Amino acid sequence: MAAQVRGEEFEKRVARWLKRLSKDFNCEMRVKVRGKVAKKPYEVDIHAWRKVGILKKTKDLWIECKAYKVRREHVFKLRSAIEDVKEEQKAEWHPDVAMIVSSVGFDDDAVALANKYGIYCVHASERGFQFVGNLTKEDFLKEFGL
């Protein structure tokens, strides 16, 4: 139970950080979303969205929060889940952007794969949030019209 509480607190911290980047981000935590193939829905730690562009199109962000070191299998799992959800036409929302936030960090393979698949990696240390890998904070802000 203590690990779950720590997980929830970490997710709340990540959501607060996102709202500091832009008050226009909407966030909901521990959302379930169905894929096309998997029978059980996926639990998304944080689903965030923001209206972007002249047409104010909704852009959706899938965030996974990890209170441990992220390894390549975590990146593969996230990518697989996202692809499954994108194929489900009846899903309530489809992720446009993906991010993994870790309180411990990322191994080299995880960062390399995240770079390849366009997944943002963010290290949430006690000193703040730092983007890791090829995708930068500037890339993220630009992607959401900030």
Could you check the simple spin-label distance between Lys40 and Glu9, using points 7 Å along Cα→Cβ, in nm with one decimal? 2.7
Considering the options Ile63, Phe144, Ser103, tell which one lies farthest towards the positive end of the dipole of the chain, charges being +1 on Lys and Arg and -1 on Asp and Glu at the Cβ, about the Cα centre. Phe144
Using only alpha carbon pairs under 8 Å that are at least six residues apart, calculate the relative contact order of the range 2-143 and give it in whole percent. 18
Identify, among Ile82, Tyr120, Val14, the residue whose Cα sits farthest towards the positive end of the charge dipole of the range 2-143, taking +1 on the Cβ of Lys and Arg and -1 on the Cβ of Asp and Glu, with the dipole about the Cα centre. Val14
Pick the calculated Rg/Rh (Cα atoms, Kirkwood Rh) for this structure from [x] 0.94; [y] 0.97; [z] 1.03? [x]
Using Cα positions and a limit of under 22 Å, work out the lysines in reach of Lys116, with same-chain residues fewer than 8 apart set aside. Lys59, Lys66, Lys69, Lys77, Lys86, Lys137, Lys142
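Read the figures in this text as sums done on the coordinates, not as results from a lab. Computed from a predicted structure; not experimentally measured. Methodologically, a virtual Cβ is constructed for each residue, glycine included, from the backbone with ideal geometry; neighbour enumeration extends over all protein chains shown.
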